[in-house]
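Accompanying notes for the structure given below.
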Amino acid sequence: MKHIIQPISKKEIPSLHIAYSFADSPFARMCLASTENGVCSVSLVMGTDSQAFEALQKKLAGASFEASSKPEHVAFFKLLEKEPVSLNFHLLGTPFQLDVWNALLNIPFGGTTTYGALAAEIGRPKAFRAVGSAVGENPIFYAIPCHRVLPASGGIGNYFWGSEIKKAILDWEKSI
């Protein structure tokens, strides 16, 4: 399974046409969005669908949006079934963030790493705090597995969607 990340430049946002849909997952309801080049956002719905959609619009302000499930949205769920599937991602981020997100893709299913190890992997061993920030800005729930990064000091650590969901995902991966 190989995932490919293609960057979105800020200049191209006004020309982006984004398809979005909502679906339930084992962990929470999700808002999935994609461009013609790949999945650009997968977030958990922590309030209402309309609130999640407003957050998506804010994140990619200037793009056009259409409610429409695409094949990539269906393929995303194959990952949750641990089936081998490759996805293309089309992501807005700095070069540093894109490096971190690419490195996250190397963490094996059921495995974990630390922020320091991730920083070393991208050739920036002293940038573990910046790596932590980039991990926290990851726009793709689950498929870019930021949930697999743990503090070197132990414990579950922080997670954008809450430590309970992070623990549930890690426990679920270990059980499969």
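The values are calculated or read from the model by the stated rules, or taken from the named source; none is laboratory data. On a predicted model such as this, the values are computed, not experimentally measured, just so you know. Counting neighbours? That spans all protein chains shown, and the Cβs are built from the backbone with ideal geometry, glycine included.
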Some residue of the range 47-69 being among the charged types (D, E, K, R), in contact (Cβ under 8 Å) with a residue 60 or more places away in the chain and in the same structural domain as Arg29 (by TED's automatic domain parsing): yes
The range 24-54, residues that are closer than 17 Å to Pro139 by Cβ and touching a Cys at 6+ places or on another chain (Cβ under 9 Å): Ala33, Ser34, Ser41, Val42, Ser43, Leu44, Val45, Ala52, Phe53
Residue within the range 129-137 that is over 16 Å from the mean Cα position of the chain (by Cα), over 17 Å from Glu173 (Cβ atoms) and of a type outside the set (Asp, Glu) present: yes
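What is the residue count in the range 11-20 for residues that are surrounded by fewer than 18 Cβ atoms within 10 Å (Cβ to Cβ) and in contact with a strand residue (DSSP E or B) (Cβ under 7 Å, 6 or more places away or on another chain)?
Matching residues across the range 11-20 total 1.
Only one of these is among the β-branched types (Val, Ile, Thr), in a helix (DSSP H, G or I) and surrounded by 15 or more Cβ atoms within 10 Å (Cβ to Cβ): Val39, Val85, Val100. Name it.
The unique qualifying residue is Val100.
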